[in-house]
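Encoded as structure tokens, the structure appears first; notes follow it.
The values are calculated or read from the model by the stated rules, or taken from the named source; none is laboratory data. Bear in mind the structure is a predicted one, so any value in this text is a computation, not a measurement. For neighbour counting, all protein chains shown are included, and Cβ atoms are generated from backbone atoms with ideal geometry for every residue, glycine included.
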Amino acid sequence: MSIVKPDPLLLLMTPFFFYTIAILRCLLDAVERFGKPRFLRTDNESVFTSWLFRFGLWFIGIRHQPTEKSCPWQNGRIERFFGTLKEKLDQWQVDGSEQLRGSLVQFRFWYNHIRPHQNLNGRTPAEVWNGIDVFTKGHKEEYWFEAWDGLLTGFYLKL
């Protein structure tokens, strides 16, 4: 389970203690919506190794599974997500925090619902999450999706 809920202003203006609380709040929101995971894998950023974060996970009842230091491949799914995001952001002009928020919503939709993933056998994360195999079941409608001046494109398959 990966939680990506960016708020650029939060990241820039929040003291470390409140940043940890904000991350725990996002985690609680995700638990409320999707259920509690058995464990949470993180990298070794100081916010994830802090006593407050580790206590929060213990209190919620989630086992913390940090990756080994200098081993980003142990967190491959989220590293791939951020790699794709950075690749696209390097080509995209963002004029402010409001535009960034809207652009990240579009990117999340494209990444989860439009872009086929090689490691998911050509399916999208949303299709896998919902147990849908468009290759055997087919689809009823398809819509062309384009955002970020053509950087994010593909077909949205409606079942």
Picking from R80, R25, R63, the residue that is modelled with pLDDT under 90 and of a type in the set (K, R) would be R80
Taking the conditions exactly as written (touching a Ser or Thr at 6+ places or on another chain (Cβ under 6 Å) and over 19 Å from R77 (Cα atoms)), does E146 satisfy them or not?
yes
Single condition I78 does not satisfy, out of (1) within 30 Å of Y156 (Cβ to Cβ); (2) free of Cβ contacts under 8 Å to residues at least 12 places away in the same chain; (3) not polar (S, T, N, Q):
(2)
N44 is checked against (1) among the polar types (S, T, N, Q); (2) at pLDDT below 90; (3) not in a loop (DSSP other than H, G, I, E, B) and fails just one. What number does that condition carry?
(3)
Please work out which residue is surrounded by the fewest Cβ atoms within 10 Å (Cβ to Cβ), limiting yourself to the range 21-59 and to residues that are β-branched (V, I, T) and farther than 22 Å from Q74 by Cβ.
I21
I'm told N119 meets every condition in (1) free of Cβ contacts under 8 Å to residues at least 40 places away in the same chain; (2) assigned by TED's automatic domain parsing to the domain that holds E146; (3) surrounded by 12 or more Cβ atoms within 10 Å (Cβ to Cβ) except one. Can you identify the failing condition by its number?
(3)
